[in-house]
Ligand code: PMP
C-alpha cells in the first residue's frame, strides 16, 4: 500500500503509532486474553484506562483542579443542547457569536428549547464568515456567551480569548482545535469537543467544566445532566470504551511529543507552509482574512470550479486524500490536525506547485 495522507476534517488522521498499537493489542488487552472491544466498563481494566486518560488530558491542557472532565457521547452537536439546558437557567439568555455554520447550528439547537432566548451579539455574516467579528462590550446579563473557537468549515480561529469576553462566562466549542493550540482552560467556564478530529475516533465527546457550574442546575434527564454525569464519572450508562481507550493512547502520544505547546509549534510550521504556498502562487487563493486564519482547517480555491474538481481528482491519485472543500464553501480544504505529519504537508505543497505548473 503506497503512503497516503488523509486531510479529512473529521473523522480524521490519527497518529500512525497509535493505530499500530491498537492493532498490536487488539486481540488481548494488557494480557487479559480479552479484546478492548470486549471488556466491561465496570472492570478495573476500563476504570484504570479511563482514569489514566483523564489524568493525561488534565496534564496536557493544564486543567485546573476545580474543573471536571467528562467523556460523553452524542458528539459536539448534543453539547449545543446540553450546554443550554444545564447552564441557561438564570436569565434564560445566551449570547452567541455567529462565526459560521457550526455556531449557527448551536444557535438553532438552543432556540428549540423552551424558555431559552439566544441573542446574536456579533456576526461574521457581512464578510461571509471569512473574518471573525469583533465582539462588543457586553452590558446585558447573559447566562453565558457561546463561542466557536475554530470554524472547521470557514477556516477561521480565535487565537486568544477576545478581550470583551474576559469577564464573561464563556462556553467554547473547541472541536477542531482542542489540543492543537495552547488555550488557557481557566479562561472558559466550559469547553466541549467531538473527539473525531484531534482526540481519537468518533463516538466520544470531551467536556471540561468548572465544578462551580454544577450548583443550581435544574433536575434533568440523567443523560442530559452534567451533575448526574459528573456524579457517575461519565459511566451513567455504557460509555464508548474503545473510543476512550484510543483517546487515551493519543493523549500518551501527545505527551511523548512534548504536549500541546509542541503541537502548536508544529501546527504553526505546517500551516505556514501551506499559507505561504497559497500566497506565493498565482493559482491558489485563500478566502480568509490573514489575522483570523485557522491552523487546523485551511480552505483554498483556484477560482475555477472545474480546476478545483480536477485538483481533488489528481491529488487523490497521488495519495493526498479528502481535500474536497465543504459543500457550503466549495474549493479545497486541507485539515492539518496534530497527527498530520510535516511530510504530508510538504507533499501537498509539492503537488500544488506541480499542478500549477501544469496549468499555466
Ligand atoms: N462543532 C464544530 C466546530 C465542528 O467542526 C463539528 C463537526 N465537524 C461539530 C461541532 C459537530 O460535531 P459532531 O459531529 O461531533 O456532533
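The values are calculated or read from the model by the stated rules, or taken from the named source; none is laboratory data. Everything numeric here is computed off the predicted structure, so don't read it as measured data. No Cβ is skipped: glycine too gets one built from the backbone with ideal geometry, and neighbour counts run over all protein chains shown.
Matching residues to (1) in contact with a strand residue (DSSP E or B) (Cβ under 6 Å, 6 or more places away or on another chain); (2) touching a residue at least 40 places away in the same chain (Cβ under 8 Å):
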position	(1), (2)
103	yes, yes
109	no, no
118	yes, no
133	yes, no
146	yes, yes
153	no, yes
164	no, no
177	yes, yes
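Going by the conditions given, is residue 113 farther than 29 Å from residue 289 by Cα, at pLDDT 95 or above, more than 16 Å from the ligand (Cβ to nearest atom) and out of contact with any strand residue (DSSP E or B) (no Cβ under 8 Å at 6 or more places or on another chain)? Answer is yes for this residue.
Restricting the stretch 274-290 to residues that are surrounded by fewer than 16 Cβ atoms within 10 Å (Cβ to Cβ) and in contact (Cβ under 8 Å) with a residue 40 or more places away in the chain, the residue that is nearest to residue 360 (Cα to Cα) is 282. Right, residue 181: assigned by TED's automatic domain parsing to the domain that holds residue 252, in contact with a helix residue (DSSP H, G or I) (Cβ under 6 Å, 6 or more places away or on another chain) and not in a loop (DSSP other than H, G, I, E, B) or not? Answer is no for this residue. Counting the residues of the stretch 1-60 that are in contact with a strand residue (DSSP E or B) (Cβ under 8 Å, 6 or more places away or on another chain) and more than 16 Å from the ligand (Cβ to nearest atom) gives 7. The condition (being within 20 Å of the chain's Cα centre (by Cα), closer than 23 Å to residue 280 by Cα and assigned to a helix (DSSP H, G or I)) is satisfied by just one residue among 345, 312: 345.
Only residues that are part of a loop (DSSP other than H, G, I, E, B) and within 16 Å of residue 163 (Cα to Cα) were counted across the stretch 102-139, and they come to 8. Of the listed requirements (1) surrounded by 17 or more Cβ atoms within 10 Å (Cβ to Cβ); (2) within 20 Å of residue 94 (Cβ to Cβ); (3) within 16 Å of the ligand (Cβ to nearest atom), residue 189 misses just one: (3).
Listed here are the residues, each with its yes/no results for (1) assigned to a loop (DSSP other than H, G, I, E, B); (2) more than 11 Å from the ligand (Cβ to nearest atom).
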position	(1), (2)
147	no, no
159	yes, yes
203	yes, no
207	no, yes
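The conditions of being at pLDDT 95 or above, surrounded by 17 or more Cβ atoms within 10 Å (Cβ to Cβ) and either within 16 Å of the ligand (Cβ to nearest atom) or farther than 27 Å from residue 331 by Cβ (or both) are not met by residue 138. Of all residues in the stretch 209-229, those satisfying the criterion of being assigned to a helix (DSSP H, G or I) and either at pLDDT below 95 or out of contact with any helix residue (DSSP H, G or I) (no Cβ under 6 Å at 6 or more places or on another chain) (or both) are 211, 212, 213, 223, 229.
Checking the stretch 78-99 against the condition returns no match, with no residue being crowded, with 17+ Cβ neighbours inside 10 Å, touching a strand residue (DSSP E or B) at 6+ places or on another chain (Cβ under 7 Å), over 30 Å from residue 136 (Cβ atoms) and in the same structural domain as residue 233 (by TED's automatic domain parsing).
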